[in-house]
Protein chains: 2
Amino acid sequence: MDTNGQHLVIDAFDCQKEILNNAAELEVMLTKAIKQLGMEILSSHFHSFTPQGVTGVIGISTSHISIHTWPEHGYAALDLYTCGNQDIWPALEEILTKMQAKRTAVFELNRGDESHTKPIMRKLNLSSN
Amino acid sequence: MDTNGQHLVIDAFDCQKEILNNAAELEVMLTKAIKQLGMEILSSHFHSFTPQGVTGVIGISTSHISIHTWPEHGYAALDLYTCGNQDIWPALEEILTKMQAKRTAVFELNRGDESHTKPIMRKLNLSSN
């Protein structure tokens, strides 16, 4: 296996606050996305903060997916890094749609390829926007 | 707490292969870095692949740190995302030095600030390089 990986870095703004504060629902959403992508889950840990906020990290056989939320600001930071080649954007877009994100900043980093002097950055937009 | 976060994205090349394949040692190194930075660990999971390779994700109260290694290529992908303000580079540089990384690509993403049309990218170099 070579070292090339794709890493989607997503900042999601103005999301539905109750969803961002529901650790169980977020874990179901991310787990579903991982399974849709045919990836194997190695570990999964979601933590709810007091008075609000969730942090979740899932180790997968091809790297990791993570989410950190600030319900009071309607903000979520979502990352999926995988050394697989499949199109991971549809599964992530589904998560963003469920979180009712109004605005997103989505960037793709190409990891593990030394020929790149900097990560390739590709701006993606929600189909519904 | 505001949503601003710093995310260091590190690709480390030509590292010492035995270290990259030692899940226990990598967990000790990353845990030490987290404690040096005064961060609280919420979860930690490291997995060794057959025949080689390690994936490790640590959830912290201010987001996460992760490492994925390809010992056969001397390559490691290291991420630290935190909503704290402290200088996280020295602790990460110590990890890279221990992994004996010969070359690195280090980029900093500013997360959670919608005024940025794209992440701020700051190239950092190992002091020893």
task: Name the nearest-to-axis residue of chain B, judged by Cβ distance to the rotation axis taking chain B onto chain A, and quote that distance in whole Å.
output: B:57, 2
field: Net charge, residue B:31 excluded, C-beta distance under 12 Å - Lys, Arg +1, Asp, Glu -1
entry: -1
- prompt: Given the Cα-Cα distance of residue B:72 and residue B:28 and 0.36 nm per residue of separation, how much length would full extension add, in nm?
  reply: 13.7 nm
- prompt: For residue B:50 and residue B:87, FRET efficiency with R0 = 35 Å and r from the beta-carbon atoms, rounded to 0.05?
  reply: 0.40
statement: Quotient of Cα radius of gyration and Kirkwood radius for the protein assembly as shown, i.e. Rg/Rh, equals 0.93
query: How far is residue A:51 from itself in the other copies, in nm, if each label sits 7 Å out from Cα along the Cα-Cβ line, shortest first?
result: 5.7
- prompt: Between residue A:61 and residue B:100, what FRET efficiency comes out of the Förster formula 1/(1 + (r/R0)^6) with R0 = 30 Å and r the beta carbon distance, rounded to 0.05?
  reply: 0.70
statement: Contact order relative to length for the stretch B:1-72, counting C-alpha pairs under 8 Å separated by 6 or more residues, stands in percent at 29 percent
task: Compute the FRET efficiency between residue A:113 and residue A:41 as 1/(1 + (r/R0)^6), taking r as their Cβ-Cβ distance and R0 = 30 Å, and round to the nearest 0.05.
output: 0.70
0 to 90° range, to nearest 10: angle between helix A:23-36 axis and chain A longest Cα axis: 30 degrees
field: Relative contact order computed over chain B (Cα-Cα under 8 Å; 6+ residues apart), in percent
entry: 35 percent
message: Going by amide H atoms built from the backbone, whose H comes under 5 Å of the H on residue B:109, apart from near neighbours?
response: B:7, B:8, B:9
- prompt: D for chain A, whole µm²/s, Stokes-Einstein with Kirkwood Rh over alpha-carbon pairs at 10 °C and 1.306 mPa s: what number?
  reply: 107 µm²/s
task: Could you work out how far helix B:89-98 tilts from the main Cα principal axis of chain B, as a 0 to 90 degree angle to the nearest 10?
output: 10 degrees
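Read-outs throughout are calculated quantities, based only on the coordinates presented, and are distinct from any laboratory measurement. Fair warning: this is a prediction, and the values are worked out from it, not measured in the lab. Cβ coordinates were reconstructed from backbone atoms using ideal geometry, including for glycine residues, and neighbour counts include every protein chain displayed.
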